[in-house]
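Chemist: Here it is, the structure in full.
Coordinate-derived values only; no laboratory data. What you see is a predicted model; the values in this text were computed from it and never measured. Ideal geometry is used to build each Cβ from the backbone, glycine not excepted, and the neighbour counts take in all protein chains shown.
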Amino acid sequence: MSYCKQEGKDRIIFVTKEDHEAPSNAELIADDPNDPYEEQGLILPNGDINWNCPCLGGMASGPCGSQFKEAFSCFHYSKEEVKGSECIDNFRNMQECMQRYPELYPQEEDKESSQAEASSSSVSAAPTEGSALPPETDSTPATSTSDSTSLIDNQTAS
Amino acid sequence: MLKCRTVWKKLAPLARASSTVCRQNVRRTGLTSSRIPACVPVAHMSTGPAGGGRENQLYILLVGAACVGGAIYTYRTVKGDSQRYQDRIEEISSRSYKRATAEPATPIQSEPSVILEPEPEAAPSLEPEAAPSLEPEAAPSLESEAAPSPEEPSPPAPDAEVAVPETTELPPAAEQTTTADEPVVEASPEESAEPAAVPVVEEEPSPPSEPSPFELTELPPAPVVESEPAAAESPAAEPTEPQPEVVAQSGGPAPDSLKVPSHTPYLLIGGGTASFAAARSIRARDPGAKVLIVTDESDPPYMRPPLSKELWFSDDPSVTETLRFKQWNGKERSIYFQPPSFYINAEELNGAENGGVAVLTGKKVVHMDVRGNKIKLDDDTEISYDKCLIATGGVPRNLQVIERAGEEVMKKTTLFRKIEDFKSLDKVSRNVKSITIIGGGFLGSELACALGRRSTEYDLEVVQMFPEKGNMGKVLPEYLSNWTTEKVKSEGVKVISEALVKSVVCKDDKLEIKLKDGRLVKTDHIVAAVGLEPNVDLAKSAGLEVDSDFGGFRVNAELQARSNIWVAGDAACFYDIRLGRRRVEHHDHAVVSGRLAGENMTGANKPYWHQSMFWSDLGPDVGYEAIGIVDSSLPTVGVFAKATAKDTPKAATEKSGTGIRSESETEDTATSPVASLTLAPTVEQHQDEYGKGVIFYLRDKVVVGIILWNVFNRMPIARKIIKDGEEHADLNEVAKLFNIHDD
C-alpha cells in the first residue's frame with residue numbers, strides 16, 4: 001500500500017512494487033521522427049549520414065576526419081554485392097592517416113580497420129538506435145565524456 | 001617673477017580687457033581683504049609696466065600661476081609617459097622571462113632585446129626581420145635600451161647558467177623559424193645551440209626542447225613532437241607530462257603577431273567545454289573547416305566535473321600530474337577532451353589542406369569589433385573572423401567579507417574552478433589541519449564529500465557552512481535536503497547550516513570566521529564555492545546585450561547574439577522554447593549548447609530543443625541525475641520506492657548478513673497492510689527511506705524539472721515528459737513510466 005504525505009508545498013508518495021505494476025495511464029505525445037529540431041541519429045531522414053552524431057565521437061572532426069568521411073560515405077552509398085568492396089582505397093587512406101596519430105586512434109592497425117568496417121556496417125543496419133542512446137546508456141558521468149571518445153571506447157570495448 | 005613679467009608683456013592687451021572683469025569679481029566676492037596680504041610681497045617685487053593696481057597684480061599672479069601649472073603639468077606628463085614606457089618595456093622583458101621558465105618558447109617581445117646583441121655575431125639580416133614583428137614604438141627605443149642594458153637578455157633566456165652567446169642564439173633560432181629564411185638561418189645557430197643545450201638537459205628539461213618545437217614547424221607535428229620531448233628529457237619523466245607542455249609550446253604563447261593567423265573563418269573565444277563541443281560540431285558539418293580557439297588558460301580544452309569528483313577518488317598518487325580518472329565503465333581517461341596531437345598549430349591553420357582545430361593558449365580577447373568582424377588580443381594582435389562564438393564561461397564569485405579581509409586571508413582562500421585550483425587544493429589538503437568550505441551547492445557539497453573522505457587519511461578536519469538549512473537547499477525540497485545533509489555528515493564533514501559569514505580575520509596564521517549569530521570557526525584554509533559570475537567583459541566593446549536577471553549575454557533561442565556571433569555555455573542567457581529564458585551552468589549544457597552553436601554557425605538554424613541534464617554524486621549512497629528547472633522554491637511531488645534491502649547500492653555490495661537482516665525485518669513488518677498504518681511513523685525514521693525515486697518540479701501544474709534519485713538510465717523518459725509540457729492529473733501514473741523498483 002502506498003501512502004502519501006504533504007510537507008508544505010512538497011508532496012511525498014511512497015509506493016510499493018505492486019502499486020507500480022499496473023501499466024501507466026499517463027499520456028505522452030507521439031514523437032515526430034522527422035522533427036528537424038530533434039537530435040538526429042546517425043542516419044538522417046533523407047538517408048544522409050549525420051556526421052555530428054555523438055555516437056561517432058571525434059571521428060569525423062579529428063585530423064583524419066575527411067578520410068573517415070570519405071571512407072564511410074563510400075561504404076554507406078555502396079550498392080555492390082559485397083558492400084564497400086570498392087572502398088578499399090578510401091579505407092586504406094583512413095588507416096594510413098590514423099597510423100600517424102597513434103594517440104588519437106589507439107588501436108592496432110588490423111584490428112582498427114576491421115572494427116571500423118564492422119562498426120559502420122552494424123551502425124548503418126540499425127540507424128535509429130545509434131541516436132542518442134549510446135551516450136546515455138553508458139552510465140551517468142560517462143554521458144558527456146563518452147561524447148568525446150565513444151567510438152574509441154567502442155573499439156576498445158569490443 | 002621675471003617669467004610673470006614677460007608673460008604679462010605678451011598678454012597685456014588681452015589681460016587688460018579681462019582684468020576689469022576680474023577686478024569687479026574680486027570686489028564682489030569680497031576676497032580682497034584676504035588676498036591682498038598675500039599679494040603684497042608680490043606687488044613689491046614685480047614692477048610691472050602697468051604699475052599701480054592691486055587688482056592688476058592679482059591678475060599677474062593668477063596668470064603666472066596658470067602658466068607655471070601648465071608647464072609643470074606638461075613636464076610631468078612627458079616624464080610620466082617615458083617612465084610608463086620604460087616600465088612597459090621592463091614588464092615585457094620580465095613577462096618573457098616568466099614565459100621562458102614556464103614554457104620555454106621565447107616570445108618575440110624578448111627577442112628584440114636579444115636581437116641586437118647577436119647582431120655582430122649572427123646574420124645581420126635578423127634585424128629587418130625582427131622589425132616587422134615589433135610594435136613600431138618598441139623598435140626605435142630598444143636600440144637605445146639594449147646598449148645600456150646588455151644584461152637584460154640573459155634573464156629572459158631560461159638557462160641563466162649557460163653562457164650568454166648560447167642564450168642569445170637560442171632565441172634567434174626561435175625567432176627565425178617564423179621568417180622566410182627559416183631553413184637557411186636555422187642551421188647555423190642550431191648547430192651551436194644543440195651542443196650548448198645538451199649539457200643543460202639534466203638541469204632544465206625546458207631549454208633543450210625549445211629548439212625542437214621550432215624545428216618541427218617543418219615536419220609533421222605529431223610523431224616528432226612526441227619523440228622530441230622524450231629525447232630531451234633524459235630523466236625518466238612520464239610520457240604524459242611533456243605533452244601539455246608541448247601543447248603550450250607549440251600552440252601557446254610562441255605564436256605572436258607573426259604566428260597567429262590574421263583571419264580565421266571560425267573563431268571561438270574561450271577554451272572550455274562549450275567551445276570544444278562547437279569545434280567538433282563545426283568540423284563535422286563543414287568539411288575542411290579551420291577553427292581557431294583562443295583561451296586565456298594555459299591548458300587545452302578539458303572537462304570540469306572530474307576536478308571536484310573523480311580526480312579526488314583516484315588511487316594514483318600522481319593524479320595531479322596525469323589528470324586521469326576512472327569512468328563508470330571502468331575505463332580510464334584524461335580530463336582533456338583530446339590529446340595535444342589532435343590540435344594543429346595556429347600558424348599552420350591557414351595552410352592546412354583539410355582544416356583543423358588550433359588552440360591559442362595564454363591569450364585573452366580584450367576587444368571585439370562587431371562591425372569590422374574582428375577581435376583584439378591582449379598583445380594587440382587583431383584577428384578577423386567570419387563566424388564567432390563567445391564561450392567565455394565565468395569566474396568564481398567571492399564573498400565580500402573575504403575580499404575586504406586583506407591579503408593574508410586571500411592567500412588562504414581558494415576559488416575553485418580550474419586545473420591549477422585543483423592542484424593547489426590537493427596540496428593544501430595534505431598540509432593543513434582544517435579546511436572550511438563556504439557554500440552548500442553542487443560544488444561545495446561535492447568538494448566537502450571529497451575532502452571528507454580524505455579526512456581520516458590525513459587527519460584533516462572538513463567543515464562546510466552555508467546559509468541554507470541543508471545541503472543543496474536551493475535545489476532539493478526540504479525533506480530531501482535534510483536527508484542529504486545527514487549523508488554528507490556521515491562522509492566525515494562537519495556541517496554548519498544557517499551560517500552567514502560576518503567577518504574573516506587571520507590570527508596566528510589561522511583563519512577565524514565569525515558568523516552573524518556569533519559562532520566562531522577556526523580553520524587553516526577556506527574554499528569559497530558561492531557561485532559563478534559569467535564573464536561578459538566583451539559585452540561593452542562588442543555592444544552586446546547583457547541579461548539583468550540571470551547575467552550573461554542575452555541570446556535568442558538559436559543562441560545567436562548578432563548575425564555572426566553566437567554564445568554558448570555558462571555565459572549564455574538563452575531562450576528555451578519550453579522552459580523560458582534561463583542560464584544554465586552545467587557540463588552537459590555546455591556540451592549541448594556548444595554543439596548547437598556549432599551547428600548554427602554552419603547554417604543549421606536550430607533552436608535549443610534537446611534538454612540538457614546534470615548529475616551529482618554525494619558519497620556512495622546518494623547519486624542523482626536531473627533535468628530541466630530544479631528549483632526548491634517550486635512545488636514538488638516526490639514518488640519514492642518503499643525501500644527493500646537490496647535497493648541501496650551499499651546493501652547490494654554488502655556480503656555480510658547482519659545489515660541486510662535487520663533492514664529486511666523492519667521492511668517485512670512495514671509492508672503488511674495492517675501494520676503499515678501504525679508503523680508508518682517508524683518507517684519514516686528509517687535511514688533508507690528516500691533510497692530511490694523520482695521528484696517532479698511543477699510550475700503551473702506542468703512538470704518543468706525532474707530529479708531521478710538513485711535511479712539511473714531513465715533520462716530519455718524524463719526528457720520526454722518535459723518536452724511534452726503537458727499537465728498530468730496524477731503524477732504517480734507518470735512516475736510509473738520510470739519503473740523505479742527495477743534496477
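Chemist: Over the range B:492-559, consider all pairs of different Cα atoms and compute the Kirkwood hydrodynamic radius from their mean reciprocal separation; express it in Å, one decimal. Don't jump to the answer; show the numbers that get you there.
Modeler: Numbers: mean 1/r = 0.0637 Å⁻¹.
Result for the range B:492-559 stands at 15.7 Å.
Chemist: Right, something else. Would the range A:42-107 count as rounded, prolate or oblate if I go by the C-alpha gyration tensor, calling it rounded below 1.5 in a/c and otherwise prolate when a/b exceeds b/c, oblate otherwise? Don't skip to the answer; put the middle values down first.
Modeler: Details: a/c = 2.68, a/b = 1.23, b/c = 2.18.
Oblate shape, in that a/c is at least 1.5 and b/c is the bigger or equal ratio.
Chemist: What number comes out for the charge environment of B:Leu634, summing +1 per Lys or Arg and -1 per Asp or Glu over other residues with Cβ under 13 Å away? Don't skip to the end; give the middle numbers.
Modeler: Numbers: positive: A:Lys9, A:Arg11, B:Lys474, B:Arg699, B:Lys701; negative: A:Asp10, B:Glu478, B:Asp631, B:Asp700.
Counting the neighbours of B:Leu634, the net charge comes to +1.
Chemist: Provide the FRET efficiency to the nearest 0.05 for the B:Asp730-A:Asp32 pair, computing r from the beta carbons and using R0 = 22 Å. Display every interim value, and only then the final one.
Modeler: Numbers: r = 26 Å, r/R0 = 1.20.
Efficiency, from the Cβ-Cβ distance: 0.25.
Chemist: Here is a follow-up. Suppose each label sits 7 Å from its Cα in the direction of the beta carbon; what would the B:Asn564-B:Asp459 distance come out to in nanometres?
Modeler: With each label point 7 Å from Cα toward Cβ, the separation is 6.3 nm.
Chemist: Taking the Cβ-Cβ separation of B:Ser503 and B:Asp380 as r and a Förster radius of 45 Å, what is the calculated FRET efficiency to the nearest 0.05? Could you put the intermediate results ahead of the total?
Modeler: Values: r = 43 Å, r/R0 = 0.94.
So, using R0 = 45 Å, E works out to roughly 0.60.
Chemist: Would you kindly derive the ³J(HN,Hα) couplings of the range B:394-403 from the backbone phi angles with the Karplus curve 6.51 cos²θ - 1.76 cosθ + 1.60 (θ = phi - 60°), listing them in order in whole Hz, with x for Gly and Pro?
Modeler: These are the phi-based 3J(HN,Hα) values: x, 10, x, 6, 10, 7, 4, 5, 6, 4 Hz.
Chemist: The range B:546-622: which chymotrypsin sites (Phe, Trp or Tyr not before Pro) are DSSP loop and have at most 16 other beta-carbon atoms within 10 angstrom? Before the final figure, lay out each step's value.
Modeler: Numbers: sites: B:Phe550, B:Phe553, B:Trp566, B:Phe574, B:Tyr575, B:Tyr608, B:Trp609, B:Phe614, B:Trp615; in loops: B:Phe550, B:Tyr608, B:Trp609.
Those that pass, being in a loop and sparsely packed, are B:Phe550.
Chemist: Taking only Cα atoms of the range B:552-615, what ratio of Rg to Rh do you get with Rh as the Kirkwood inverse-distance radius? Please report the intermediate quantities before stating the final value.
Modeler: Details: Rg = 10.3 Å, Rh = 11.3 Å.
So for the range B:552-615, dividing Rg by the Kirkwood Rh gives 0.92.
Chemist: In addition: Report Rg (one decimal) and Dmax (nearest whole number) for the range A:1-72, counting Cα atoms only, units Å.
Modeler: Looking at the range A:1-72, its Cα Rg and Dmax stand at 22.6, 61 Å.
Chemist: HN-Hα J couplings of the range B:357-365 from phi, Karplus 6.51/-1.76/1.60, θ = phi - 60°, integer Hz, Gly and Pro as x?
Modeler: Going residue by residue, I get 10, 10, 10, 9, 8, x, 10, 10, 7 Hz, with x marking Gly and Pro.
Chemist: Ratio of alpha-carbon Rg to the 2.2 N^0.38 Å globular estimate for the range B:373-413, to two decimals, please. Kindly include the intermediate steps, with their values, before the conclusion.
Modeler: Values: Rg = 17.6 Å, N = 41, 2.2 N^0.38 = 9.0 Å.
Ratio of Rg to 2.2 N^0.38 Å for the range B:373-413: 1.95.
Chemist: Here's another thing I want to ask about it. Report, by chain and number, residues whose modeled amide H sits under 5 Å from the one on B:Ile496, excluding near sequence neighbours (fewer than 5 apart, same chain).
Modeler: B:Gln464, B:Met465, B:Phe466
Chemist: Follow-up question, since we're still on this one. Let me check I've understood the local charge: for B:Phe342, count other residues with C-beta under 11 angstrom from its C-beta, Lys and Arg +1, Asp and Glu -1. What total comes out? Walk me through the intermediate numbers first.
Modeler: On the way: positive: B:Arg280, B:Arg283; negative: A:Glu103.
So the environment of B:Phe342 carries a net charge of +1.
Chemist: Does a label point 7 Å from the Cα of B:Tyr575, set along Cα-to-beta-carbon, have any residues of the range B:591-633 with amide nitrogen under 16 Å, and which are they?
Modeler: B:605-609
Chemist: At 7 Å along Cα-to-Cβ for each site, give me the label-to-label distance between B:Ala604 and B:Asn350 in nm.
Modeler: Those two pseudo-labels are separated by 3.0 nm.
Chemist: Okay, next question. Once the piece of chain linking B:Glu533 and B:Ala71 is laid out straight, how much longer is it, given 0.36 nm per residue of separation minus the C-alpha distance between them? Please report the intermediate quantities before stating the final value.
Modeler: Numbers: separation 462, 0.36 × 462 = 166.32 nm, distance 4.61 nm.
Between B:Glu533 and B:Ala71, full extension yields 161.7 nm more.
Chemist: For the pair B:Ser82 and B:Asn556, what calculated FRET efficiency results from E = 1/(1 + (r/R0)^6), where r is the Cβ-Cβ distance and R0 = 56 Å, to the nearest 0.05? Spell out each step's value before the answer.
Modeler: Working: r = 50 Å, r/R0 = 0.89.
That gives a FRET efficiency of 0.65.
Chemist: If you don't mind, there's one more thing I want to ask. Would you please give the residues with an amide H less than 5 Å from that of B:Gly705, counting only those at least 5 places away or on a separate chain, with H modeled from the backbone geometry?
Modeler: Hits under the 5 Å cutoff: B:Ile629, B:Tyr697.
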